[in-house]
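Report on one structure; see the data block that follows.
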Amino acid sequence: MGTKTEAGAEARKDDETAVEAVTEDEAARAEALEEDAQQEDAEQEESGEEKAVDEDGVDEDGAEPEAKVSSGVGQGVGAVVSVALGLVSLSGGWIGTVAGAREQLVGQLRTSSTASVATQIKAVYGNAWHSTALWAGLFALAALLTGVVVLARPAFGTPGRPQAHWIRSVAWAGVSLGVIGLLLAVLKYSDALLGLPSAG
C-alpha cells in the first residue's frame, strides 16, 4: 500500500511539474507576443512621425529638403522659339507679307493718278517695304530677347546646376539670328539696303 501511495504521489508531482512547465511556456509565449506588439506599435509611431515631418517639409535636423530640380524643358523650348523667331525675321513671315500688301493697297488708294512718280513709288512700294522691314525687326528683337533670357536663366536658378550644352547652343543660334535679322531690318527701313529707285 505504501508503494502504491508513493507511486501515486510521484505521478501527481510529475503531472503538476508538467502542467507548470506548460503554463510557463504559455506565459513566455504571451510575453513574447506582447513585446512584438509593443515593437510594432513603436515602429508605427516612428513612421507616423516621419510622415508628419515629410508633410511639413522639414527633416529631423530642421533643414529644408532640397528644392525640386528643374528638367530644363522650359529653357529648351525657349531656345527653339528663339531660333524660330530669328528665322521668321529673316524670311519676313506671313504677318510682314500681309502688312506690306496692305500698305501697298492703301498707297494705291490714297495716291492720285496725277501725283508725281516719286510720290507714287514712295506711297505704293516704299511704305510697303518699310512695313515689312518693321515687322521683321520686331520678330528679330523678340528672337534676341528670348535667346538672352534663356542664356541668363541659370544665373537665377539652382546654384551649381549647369545648363545643358544643346540648350546653350540653340539659344546662341537664336541670339545670332536675332542680331542679323535686326541689323537687316534697320538697313531695309533706313533704305540703306535695297532702297527705292530714284524717279529721275
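The values are calculated or read from the model by the stated rules, or taken from the named source; none is laboratory data. Since we're looking at a predicted model, the values are computed, not measured. So basically every Cβ, Gly included, is an ideal-geometry build from the backbone, and we count neighbours across all protein chains shown. The accessibility values were calculated without ligands, DNA or RNA, using every heavy atom of the protein model including side chains. Shrake-Rupley method; radii C 1.70, N 1.55, O 1.52, S 1.80 Å.
Ranking D191, D41 from most to least accessible surface, computed with a 1.4 Å probe over the protein chains only, gives D41, D191. Measuring r between the beta carbons of W172 and A101 and using R0 = 25 Å, the FRET efficiency lands at 0.15.
For A128, neighbours were defined as the other residues whose beta-carbon sits under 15 Å from its Cβ, and their charges (Lys and Arg +1, Asp and Glu -1) total +2. A simple spin-label model places pseudo-atoms 7 Å from Cα toward Cβ; at V149 and L33 they are separated by 6.8 nm.
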